[in-house]
């Protein structure tokens, strides 16, 4: 028996795989609407695209929360907002523990370490803590340091670049049309402005978001198109992990097939970008998710724990990369 | 046996949702007194501090 390849898959093979041109928003929506029976073929194509335009290397990263909880913003997915009845309490990580976290990350083989703070934007105290932390890390560990500290001013962008921050994460989180349903204390456009400043300062732009927050497939496609327009160096792809006490705390976990379609669709929209598996993958896709994602367009992972929740043991992901014969990206190598 | 659930802070008992959550969550409430703990997650572990009962840590393999 022969089966007919869906037209969008045929089109993507020529457009994305052969010519390196990412799918448009409308095409991404067609991918997101493919039936479950087409997922294996879709993931296979996304994997081919990733291998063709990015190569077999995988970028491995660890993350840590420098300042946890007490955030004044109302991102409805986040347990660190001070506006919700979340069980997460405020905490600050001291410099020795930050350096230890960087060492733990480097031990896994990771070449990226991202320092994250739950803030609207950094104040002078946080900037000083970040400066001291980065200096101490660079003295002790050979690892690239990235930061995620919320919205920045011109001066803060310049200061972070001066500290040697090579990449800055600031997620747009979701489609522009859906953002007001997710955050009301700042705008999508304010986030975009920080990303513009980061790029102008010469830092790499890391920008992704969370899927499964109640957005429609059309809005998910819109988001992929908006990320493609931004041309970020890295896109972290999170799946909603409904946090107790938050406005999204009772949402259903995204179905596995939807998550896999999204992975492949984002790869086909962003053929050359570092596409990172981030939070929520364990919940949405289980242990098999790491394998299917890495064979479906993903070429970067966050290993170990997340900011306030736990992940798979780092060794499980590193062993999987070894089994799949996907080398970890070396320090200072560009994917 | 602990007096309180470390996920929801309610008296210990049969909490299927908390049990499922615990696989990917550090403790949030002190199992001795149900106070919310200050929790710090790191790439390979966690610490949780109760103002009354002190610090708990993940096992080395966590």
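The values are calculated or read from the model by the stated rules, or taken from the named source; none is laboratory data. Remember, predicted model here, so these are calculated numbers, not experimental data. Note: ideal-geometry Cβ built from the backbone for every residue, glycine included; neighbour counts use all protein chains shown.
Annotations
This table checks each residue for (1) under 14 Å from the mean Cα position of the chain (by Cα); (2) not in a loop (DSSP other than H, G, I, E, B).
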{"residue": "A:214", "(1), (2)": "no, no"}
{"residue": "A:219", "(1), (2)": "no, yes"}
{"residue": "A:223", "(1), (2)": "yes, yes"}
{"residue": "A:226", "(1), (2)": "no, yes"}
{"residue": "A:232", "(1), (2)": "yes, no"}
{"residue": "A:237", "(1), (2)": "yes, yes"}
{"residue": "A:245", "(1), (2)": "no, no"}
{"residue": "A:249", "(1), (2)": "no, no"}
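- Taking region A:71-83 as the range and being surrounded by fewer than 22 Cβ atoms within 10 Å (Cβ to Cβ) and either touching a strand residue (DSSP E or B) at 6+ places or on another chain (Cβ under 7 Å) or at pLDDT below 95 (or both) as the test, the residues that pass are A:73, A:74, A:82.
- Remark: pairs (first residue in region A:34-46, surrounded by fewer than 18 Cβ atoms within 10 Å (Cβ to Cβ); second residue part of a helix (DSSP H, G or I); Cβ separation under 8 Å; 6+ apart in sequence or on different chains) = A:36/A:257; A:41/A:9.
- Enumeration of residues in region A:274-289 that are touching a helix residue (DSSP H, G or I) at 6+ places or on another chain (Cβ under 8 Å) and either closer than 16 Å to residue A:17 by Cα or part of a strand (DSSP E or B) (or both): A:275, A:277
- Evaluation of residue A:61 against (1) within 14 Å of another protein chain (Cβ to nearest Cβ); (2) more than 27 Å from residue A:175 (Cβ to Cβ) (one fails), failing number: (2)
- Scope region B:11-62; condition within 14 Å of residue A:97 (Cβ to Cβ), at the interface with chain A (Cβ under 8 Å from one of its Cβ atoms) and not in a loop (DSSP other than H, G, I, E, B); matching residues: B:38, B:39, B:40, B:41, B:42, B:45, B:46
This table checks each residue for (1) buried (at least 24 other Cβ atoms within 10 Å of the Cβ); (2) out of contact with any helix residue (DSSP H, G or I) (no Cβ under 7 Å at 6 or more places or on another chain); (3) without any contact (Cβ under 8 Å) to a residue 24 or more places away in the chain.
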site	(1), (2), (3)
A:217	no, no, no
A:238	no, yes, no
A:248	no, yes, no
A:254	no, no, no
A:262	yes, no, no
A:301	yes, no, no
A:314	no, yes, no
